[in-house]
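Here the structure comes first, spelled out in structure tokens, and everything after it is commentary.
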Amino acid sequence: MLDLAHAARTSLDPGLMARIRQRGEAAVGELRALLDMLRAPPPAVPPPTAAPASAPWRGDALTAALLSCMVLGEWAYGSSSGPFPAGLLAVTAAVSVRRVFTTLSSLVAAFGFVAVWLTSMPFVTGPALAASLTLITWSAVASPSRRRTAALLVLAGSCLLATLHEPDNSLVVATSILTGSAIGSRIWHRLEAEHTAARARSETYSHRLSAAVDEAAARQRLDVARDLHDVASRAIAVMLLHTSVAEVNSTRDPAVAREALDTVVSAGDSALTELASLDRALRLDGAEDLRTALAAEVERLRAAGLDVRLEMTARPRDADTAEVAWRTAHEAMTNALKHARGSRVETSVHREGDDLVVSVRDDGAGHPSTGTGRGMGTGSGLLGLTQRVRQHGGSLRYGPRPYEGGTGFEVVARLPQVAEVPPDPAAESLPALGELGS
Amino acid sequence: MIRVLVVDDEHLVRTGVRRILATDDGISVVGEAQDGSEAARAARELRADLVLMDVQMPGTDGVDGTRLVLRARPAARVVMLTMFDLDEHVLGALRAGASGFLLKSTRPERLLAAVHGVHGGEQLFSPTILRRLVETYVERAPHPAVPPALESLTPREFEVFTHVARGSSNAEIAAALFLSEATVKTHVARILARLGLRDRIQAVILAYESGLLTARGTRRTTEHPPIDGSR
């Protein structure tokens, strides 16, 4: 667009102007697409969901079958063959439903023990029986309820009843199994519950963290979108409108047409400078980059004949602060170059208390944006900057100020060095992070 | 002579618009303003006929500005000057009473024609664009119901209203309803007055917002108010 405008300036050729317009319209389309893309919401992260519980009954059925086989094996090949061990098999079979129908499992096992007692059947298979009793008790205590506890007590009673025919130590063994298993299960399940809760909390926190990161990224993208809009679309609007002015005046008033094309060129130039600054701001990675960027800016002003002094005694803590600091300095220094009639500019980056202060002062004769009229988009530049600085939690002050007898202009940004975390309303529903460790 | 007020925060945009308008002998730019509230003051003091207003401005933006201008000077018409078409801000301005919108990339001769057109009471853009705009940005009521204001229309007026809301011109409505164009014109004027609408654009927005029209522009037959012979 710019080269075309340069060419059109001398020839005032309608064809060239039409091409400028075409380029401008294409740029509008691209800007629009870019803005839409930047404004698109980030994909939503689904909140963590509990993993579906695996079916526990298969393993239990297998265990029950194994224990039953042990009972049958001992009965068939063991030393003391007796009547069919129906009661013992009822106890081992009860293991299969210990987690699915816990109460039923306890009652079936209790029934088995009563049968053992009635038939005076000896405890031929101690290990299988002990294992069954342990497993059933374990499950019955896992998540206690009144019904389950009652069923467990029935089981314990019948088991102790069945031991009456046995040698004395059987009673002790059975009691030990019952109490040991119950207590062990209780402790185990409590620990597991705590572990699960802790994991759920940590998942919630990590989800919330990633949501916060996404939100911050979206906000950042919106900032970029706004900056792009501010700089590029304003420039293109001005360029297109003044191309129109040139078009309608190319024969009517060539002087006005040339002036309009001058405006097209200068608007394009200043947009390019601003976009370069924006690009630089987005790439700033810390204090050293800021120093380099400022030094380059100082050179730019010096090349234009200004007497610039740069003093940097403090450094921004992070890239974001560096970006805002850079944009403040750049905007103010560009304004000094554009508007200030003075020849001296003092730029300083220093620390005041906990704040990083960026100030740019010149000895020029005031500033267009303080008067009734406004300069070349300067007012909106400082307004946009005010917004950006506020977003960062800082404050921006600008206006005329006495300078060595005359009236200069100053821009001062005060940026907090310590980032404040905004309060999260959802935080109340969850324990503080510190509680996770306990 | 059409008295025009140019409102934009960007000095160079105002100059550009002013210079384009200056080439037309029927148009006189009576003033400039930097934001909506300043525009309202200027519109009243300078007795502007037409206000060309940017949508996004620091201070009072174009949407609030439209409202303020129309309150301060009801005789004026407001046209939004925007960078992009189909913008949600543009819709807000139309709802606030703006008569249309023009792109900053509009060719100069079309800009001038549009100023004359709006001043003469014409609609600024095609019904298709308007429908696209409304379909994109108006949130339709989840349970469409005829707004009470519409109940006050006679069945005939209601019929005309649905045609207006679909973006039909007077001639098209006349052909569809077997009426003379003059009758349609009278109907439309009475409907707009009764509904307190500024122009046909607001009629379209009302119809979509109330859910009277679906996305395809067809009427929901079930929502027709009871036909009352006494009316």
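The values are calculated or read from the model by the stated rules, or taken from the named source; none is laboratory data. All values derive from a computational prediction rather than experimental measurement. So basically every Cβ, Gly included, is an ideal-geometry build from the backbone, and we count neighbours across all protein chains shown.
Details
- For the condition in contact with a strand residue (DSSP E or B) (Cβ under 7 Å, 6 or more places away or on another chain), more than 14 Å from every other protein chain (Cβ to nearest Cβ) and modelled with pLDDT under 90, B:Ala98 qualifies.
- Evaluating A:Leu104 against the criteria (1) at pLDDT below 85; (2) assigned to a helix (DSSP H, G or I) leaves one unmet condition, (1).
- Subset tally (residues that are hydrophobic (A, V, I, L, M, F, W, C), away from chain B (no Cβ under 11 Å) and either out of contact with any Leu (no Cβ under 7 Å at 6 or more places or on another chain) or farther than 15 Å from A:Ala271 by Cβ (or both)) for the stretch A:5-33: 4
- Meets criteria (at pLDDT below 80 and among the small types (Gly, Ala, Ser)) for A:Ala110: no
- B:Val4 being crowded, with 21+ Cβ neighbours inside 10 Å and within 14 Å of chain A (Cβ to nearest Cβ): no
- Qualifying residue in the stretch A:196-203 (condition: part of a helix (DSSP H, G or I), among the polar types (S, T, N, Q) and either closer than 30 Å to A:Gly157 by Cα or within 14 Å of chain B (Cβ to nearest Cβ) (or both)): no
- If the condition is being of a type outside the set (Val, Ile, Thr), crowded, with 18+ Cβ neighbours inside 10 Å and within 14 Å of A:Ala156 (Cα to Cα), then the stretch A:81-114 contributes A:Ser105, A:Ser106, A:Leu107, A:Ala109, A:Ala110, A:Gly112, A:Phe113.
- Only a single item in (1) of a type in the set (A, V, I, L, M, F, W, C); (2) over 13 Å from the mean Cα position of the chain (by Cα); (3) modelled with pLDDT of 90 or more is not met by B:Met83, and it is number (3).
- A:Pro368 surrounded by 15 or more Cβ atoms within 10 Å (Cβ to Cβ), over 22 Å from A:Arg226 (Cα atoms) and at pLDDT below 75: yes
- Helices (runs of 4 or more DSSP H) wholly inside the stretch B:112-231 containing at least 3 residues that are closer than 30 Å to A:Asp36 by Cα and at pLDDT 80 or above: B:200-209
- Of the helices (runs of 4 or more DSSP H) contained entirely in the stretch A:250-356, those carrying at least 1 residues that are within 17 Å of A:Phe409 (Cβ to Cβ) and touching a residue at least 40 places away in the same chain (Cβ under 8 Å) fall at A:287-303, A:319-338.
- You will find that of A:Glu288, A:Glu299, the residue that is out of contact with any Asp or Glu (no Cβ under 6 Å at 6 or more places or on another chain), at pLDDT 85 or above and loosely packed, with under 13 Cβ neighbours inside 10 Å is A:Glu299 and no other.
- Qualifying positions in the stretch A:151-191 - acidic (Asp, Glu) and not in a helix (DSSP H, G or I): A:Glu166
- Screening A:Gly399 on (1) surrounded by fewer than 19 Cβ atoms within 10 Å (Cβ to Cβ); (2) more than 27 Å from B:Glu32 (Cα to Cα); (3) modelled with pLDDT of 80 or more shows it passes everything except condition (2).
- Subset of the stretch B:18-60 [touching a Gly at 6+ places or on another chain (Cβ under 6 Å) and within 21 Å of A:Arg226 (Cα to Cα)]: B:Asp35, B:Gly36, B:Met53, B:Asp54, B:Val55, B:Thr60
- Any hit, the stretch A:237-246, residues being away from chain B (no Cβ under 12 Å), in contact with a helix residue (DSSP H, G or I) (Cβ under 9 Å, 6 or more places away or on another chain) and β-branched (Val, Ile, Thr): no
- Check on B:Ala76, more than 9 Å from chain A (Cβ to nearest Cβ), over 15 Å from the mean Cα position of the chain (by Cα), at pLDDT 90 or above and buried (at least 21 other Cβ atoms within 10 Å of the Cβ): no
- Residue match in the stretch B:51-65 (condition: of a type in the set (S, T, N, Q) and under 12 Å from B:Arg3 (Cβ atoms)): no
- Check on A:Leu209, of a type outside the set (Ser, Thr, Tyr), out of contact with any Asp or Glu (no Cβ under 6 Å at 6 or more places or on another chain) and without any contact (Cβ under 8 Å) to a residue 40 or more places away in the chain: yes
- Only one entry in A:Leu278, A:Leu290, A:Leu282, A:Leu228 is within 24 Å of A:Leu337 (Cα to Cα) and touching a strand residue (DSSP E or B) at 6+ places or on another chain (Cβ under 9 Å), namely A:Leu290.
- The single condition among (1) at pLDDT below 85; (2) in contact with an Asp or Glu (Cβ under 7 Å, 6 or more places away or on another chain) that A:Ser348 does not satisfy is (1).
- Every residue from the stretch B:11-56 that is surrounded by fewer than 23 Cβ atoms within 10 Å (Cβ to Cβ), within 14 Å of chain A (Cβ to nearest Cβ), touching a residue at least 24 places away in the same chain (Cβ under 8 Å) and not in a helix (DSSP H, G or I): B:Thr23, B:Asp24, B:Ile27, B:Val29, B:Gly31, B:Glu32, B:Asp35, B:Gln56
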